[in-house]
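Student: Pasting in a structure now, in structure tokens, and then I'll have a few things to ask.
The values are calculated or read from the model by the stated rules, or taken from the named source; none is laboratory data. Since the structure is predicted, the reported quantities are computational estimates derived from the model, not experimental observations. Don't worry about glycine lacking a Cβ; one is built from the backbone with ideal geometry, like all the others, and counts go over all protein chains shown. Calculation scope for accessible area: heavy atoms of the full protein, side chains included, ligands and nucleic acids excluded. Shrake-Rupley method; radii C 1.70, N 1.55, O 1.52, S 1.80 Å.
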Amino acid sequence: MNINEDSVMIGHSTGSIFIVKYLMENKLKIAKFIGVVSFNECNKNSPHPDWEEINKTFFVNNLEDFKNFAKERICFYSPTDIYDYNLLDKFATTIDAEKVIIEKAGHFTALTGYDKEFKEL
């Protein structure tokens, strides 16, 4: 796969911060980043604290610098997600992303109807 300035990358949950870290560490620029429930901090109310330890390995210290790696940035998230809404909003604000907030979408999984279609995307 060739990642270049015409590429569009979409990440969900931990996949979002993985993409951010990968692009920044490899100094790769893309046209558009779409993050779905993206975060760069541990969810203190997580029902899966063991996952939080894994998530930490992807976090970046200079998240605001990501603006230099993706020309366009969009973040989808929901107030009903298992992740703290403020963490999701902070991520989107820090990277200066367009915010798309969808009520009752949860973590954008099959439980909330996102298994076959993501019409807002």
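Student: Of the heavy-atom accessible surface of the chain (probe 1.4 angstrom), what whole percent is carbon and sulfur? Could you put the intermediate results ahead of the total?
Tutor: Details: 3570 of 7100 Å².
So the carbon and sulfur contribution to the accessible surface is 50 percent.
Student: Per residue, how much accessible area does the chain show when a 1.4 Å probe rolls over the protein heavy atoms, in square angstrom?
Tutor: Details: 7100 Å² over 121 residues.
Roughly 59 Å² per residue, with all protein chains present.
Student: For the chain, calculate the relative contact order in percent as a whole number, restricting contacts to Cα pairs under 8 Å that are 6 or more residues apart. Provide the component values of the computation, followed by the final result.
Tutor: On the way: 222 pairs, mean separation 28.7, N = 121.
RCO, the chain: 24 percent.
Student: Can you list the residues of region 55-79 with backbone N under 18 Å from a point 7 Å past the Cα of Lys90, pointing along Cα to Cβ?
Tutor: Flagged as within label range: 55-67, 75-79.
Student: Give the peptides 72-85, 20-33 in descending order of average Cβ contacts within 10 Å, highest first. Working shown, then result.
Tutor: Values: 72-85: 18.5, 20-33: 16.0.
So the order, starting with the most tightly packed, is 72-85, 20-33.
Student: Given the pairs Lys71/Lys116; Lys21/Lys104; Lys56/Lys119; Lys29/Lys119; Lys21/Lys99; Lys44/Lys71, which are separated by over 24 angstrom at their Cα positions? Don't skip to the end; give the middle numbers.
Tutor: On the way: Lys71/Lys116 28 Å; Lys21/Lys104 29 Å; Lys56/Lys119 31 Å; Lys29/Lys119 27 Å; Lys21/Lys99 20 Å; Lys44/Lys71 31 Å.
Going by Cα-Cα distance, Lys71/Lys116; Lys21/Lys104; Lys56/Lys119; Lys29/Lys119; Lys44/Lys71 fall outside the 24 Å limit.
Student: Between Glu52 and Phe18, what FRET efficiency follows from the Cβ-Cβ distance if R0 is 25 Å, with the result rounded to 0.05? Mind showing how you got there, number by number?
Tutor: Details: r = 15 Å, r/R0 = 0.60.
It comes to 0.95.
Student: Each label point is 7 Å from the Cα along the Cα-to-Cβ direction; what then is the distance between the points at Asn2 and Asn61, in nm?
Tutor: A separation of 3.5 nm, rounded to one decimal place.
Student: How many angstrom lie between the Cα centre of region 1-44 and the Cα centre of region 45-121?
Tutor: Their Cα centres are 11 Å away from one another.
Student: Here is a follow-up. Just to be sure I understand the rule: take each whole DSSP H helix in the chain, project its Cα atoms onto its long axis, keep it if the span is 15 Å or more and its mean Kyte-Doolittle hydropathy is at least -1.0. Which ones pass? Mind dumping the intermediate values first?
Tutor: Values: long enough: 14-25 (16 Å, 0.92).
Taking the DSSP H segments of the chain (at least 15 Å long, mean hydropathy at least -1.0), we get 14-25.
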